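The values are calculated or read from the model by the stated rules, or taken from the named source; none is laboratory data. Quick caveat, the model's predicted, so the values are computed rather than measured. All Cβ positions, glycine included, derive from the backbone under ideal geometry; neighbour counts span all protein chains shown.
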Amino acid sequence: MATIRITIFDDNNRFRESIGLLFETNHGFELAGSFPNVLNVVENIADSHPDVVLMDIDMPGINGITAVKKVQERFPKLPIIMLTAFDEDDKVFQSICAGAMGYLLKNTQPHNLIDAVRDVFNGGAPMTPSIARKVMLHFQQQNTSAPNDYHLSEREKEVLAQLVKGLSLKMIADELFVSRETIKTHVKNIYAKLHVSCATEAVAKTLKERLI
């Protein structure tokens, strides 16, 4: 199993250090970088070569949402998870529109954070359940037209529904009593049918077009 390199941006030193220690002491992870602000975010990422970035929102100088936009322009395939205390609708939607692949609250349990990082590394789009509900309600309000038919099977719709809830691939496998490899196959088929390349796009399209 490949080692996942993590870079953290958070101005709370104690929180940043505790998250860094969490990943340093768990097998399969490596702390690539830890920074108290995003003033030099592009250079920091270029130097640390992370596989996944954990990004706070409220930081001095430049906020995390602006930083996500900068990172996506330079490293469009690098997955970023917002890890923040904010659950306001505007912060959530701005982060997702900026290119964040996941959105978790800082009270997320450590084992769930670890699962989320693995999930986003494998193409998932982890969200705290309360955040996923906000996103779902937002897109439902934005679109009242009849949903398109992408010829998803009933099982694929079940898997897609779990993705929308913010569940990791492992959690979906446990929920549906199948192997993780089976879920990965379903997810691959879902991407192909929806004409998307990642879980974030699949979830966004699902919510926007009310597919489930």
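Which count do you get for residues in region 87-111 that are part of a helix (DSSP H, G or I), over 11 Å from the mean Cα position of the chain (by Cα) and in contact (Cβ under 8 Å) with a residue 24 or more places away in the chain?
Count: 7.
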Original post:
Condition test on ALA146, is it at pLDDT below 80, within 19 Å of the chain's Cα centre (by Cα) and in a loop (DSSP other than H, G, I, E, B)?
Top reply: no
Original post:
Can you tell me how many residues in region 107-127 are over 16 Å from LEU167 (Cα atoms) and in contact with a helix residue (DSSP H, G or I) (Cβ under 7 Å, 6 or more places away or on another chain)?
Top reply: 0
Subject >> Qualifying residue in region 80-95 (condition: in contact with a Phe, Trp or Tyr (Cβ under 7 Å, 6 or more places away or on another chain), hydroxyl-bearing (Ser, Thr, Tyr) and either within 19 Å of MET127 (Cβ to Cβ) or at pLDDT 90 or above (or both)) >> reply: yes
**OP:** Look at region 39-54 and say how many of its residues are in contact with a Lys or Arg (Cβ under 8 Å, 6 or more places away or on another chain) and either closer than 15 Å to THR66 by Cβ or not assigned by TED's automatic domain parsing to the domain that holds PRO79 (or both).
**Re:** 3
Original post:
Cβ-Cβ below 9 Å, separation at least six or inter-chain, first residue in region 1-15 and basic (Lys, Arg), second assigned to a strand (DSSP E or B) and crowded, with 18+ Cβ neighbours inside 10 Å: which pairs?
Top reply: ARG5/PHE29; ARG5/LEU31; ARG5/ALA32; ARG5/VAL52
